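Note sheet for the following structure.
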Amino acid sequence: MVSLGISSDDDIDAMVRIDQVNDLIASWPKCDLPEELIRDIAVSQIALAGWCWPAKASWIAQAVLSIHASLCVEIGVYGGRSIAPMALAQRHLGIQGKVFAVDAWDNDIAVETPTTQENDKWWGTEDLTAVKDRFTSYLLREHLTDRIRIAEMASDDAARCFASPRFRNKVDLIHIDGSHSEEQAFKDVKAWAPLLRHGGLLVMDDIAWETLGPSIQLLNKIGDLVYEERSEPGSFAAFCIDQAKASAFCN
């Protein structure tokens with residue numbers, strides 16, 4: 001339980017009420033994050049759309065703090081709930097880090113490789129432009145535009161752009177939460193894992209989905225499972241990547 005509170009004199013995001021933040025902080029899961037960072041993440045949880053829950057947001061932020069992750073990438077940003085903790089943790093560390101937000105925010109691309117009828121119908125009709133606009137407004141209000149860089153394109157196209165000496169073997173943390181189709185999820189792991197430095201972390205979202213089975217099998221070949229959560233809000237796993245194995249299995 002976190003005791004940090006926010007008074008009416010504090011500068012709060014225009015879309016977030018003070019009582020909402022205080023209520024969320026009061027129920028925040030136990031963690032070792034600094035109270036100021038918890039407050040900032042709580043604001044992002046309320047301001048942004050998405051499914052990243054407080055425990056996962058805390059874990060991501062703690063991972064950035066623990067490995068001093070100055071270069072991060074997220075595949076599949078949607079509303080920004082899981083990318084915000086990365087940037088906020090970097091800011092708390094005081095490092096000149098960058099977090100690249102890879103998402104096309106395009107309905108046709110979102111359903112290009114089928115998953116389930118219900119899931120594809122939702123992604124095919126969701127107003128992704130409005131979701132992106134809300135995310136970019138948050139970045140402006142929180143002064144995160146220099147830290148979070150948007151790559152508005154499909155994951156495959158972005159992977160080709162990032163496959164350069166500037167990024168290869170240099171990324172500290174990658175969060176994959178893109179298409180959950182078996183084909184695209186596997187392609188994402190193969191394309192992005194080689195960008196990680198040796199010992200870098202790859203976080204895979206929604207590991208309970210059966211379609212992610214081949215992706216998880218590949219991750220077990222190229223890295224060691226360091227954390228796994230399967231709870232009512234959702235599931236995810238983190239793997240510490242062996243760069244030599246990633247290069248061998250993913251090229």
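A few remarks follow.
- Here the stretch 16-27 is the region considered, the condition is being farther than 19 Å from GLU142 by Cβ and of a type outside the set (D, E, K, R), and the residue that is surrounded by the most Cβ atoms within 10 Å (Cβ to Cβ) is ALA26.
- Taking strands (runs of 3 or more DSSP E) as the structural unit, those lying wholly within the stretch 70-175 and holding at least 3 residues that are over 23 Å from PHE239 (Cβ atoms) and touching a residue at least 40 places away in the same chain (Cβ under 8 Å) correspond to 148-151.
- Of all residues making up the stretch 131-151, the number that are in contact with a Phe, Trp or Tyr (Cβ under 6 Å, 6 or more places away or on another chain), of a type in the set (Lys, Arg) and buried (at least 17 other Cβ atoms within 10 Å of the Cβ): 1
- All told, ALA61 meets the bar of being at pLDDT 95 or above, assigned to a helix (DSSP H, G or I) and either under 18 Å from GLY234 (Cβ atoms) or out of contact with any Leu (no Cβ under 9 Å at 6 or more places or on another chain) (or both).
- Qualifying residue in the stretch 36-51 (condition: small (Gly, Ala, Ser), crowded, with 22+ Cβ neighbours inside 10 Å, under 22 Å from LEU173 (Cβ atoms) and touching a residue at least 24 places away in the same chain (Cβ under 8 Å)): yes
- Top-ranked residue of the stretch 184-221 - restricted to ones that are among the small types (Gly, Ala, Ser) and touching a helix residue (DSSP H, G or I) at 6+ places or on another chain (Cβ under 6 Å), ranked as farthest from VAL99 (Cα to Cα): SER215
- With respect to the stated conditions, GLU74 is of a type in the set (Asp, Glu) and within 17 Å of the chain's Cα centre (by Cα).
- Total residues in the stretch 199-240, condition closer than 21 Å to PRO114 by Cβ, of a type in the set (D, E, K, R) and surrounded by 13 or more Cβ atoms within 10 Å (Cβ to Cβ): 2
- Of all residues in the stretch 152-176 being out of contact with any strand residue (DSSP E or B) (no Cβ under 6 Å at 6 or more places or on another chain) and farther than 23 Å from ILE67 by Cβ, the one that is surrounded by the most Cβ atoms within 10 Å (Cβ to Cβ): ALA154
- Residue tally, condition hydrophobic (A, V, I, L, M, F, W, C) and over 21 Å from ILE95 (Cα atoms), over the stretch 108-151: 10
- Of residues in the stretch 110-130 being among the β-branched types (Val, Ile, Thr) and under 15 Å from GLY178 (Cβ atoms), the one surrounded by the most Cβ atoms within 10 Å (Cβ to Cβ): THR115
- Test: residue in the stretch 70-78 that is over 23 Å from MET204 (Cα atoms) and among the polar types (S, T, N, Q): no
The values are calculated or read from the model by the stated rules, or taken from the named source; none is laboratory data. Note that the structure is predicted; figures quoted are calculated from it, not measured. Cβ: placed from backbone, ideal geometry, glycine included. Neighbour counts: every protein chain shown.
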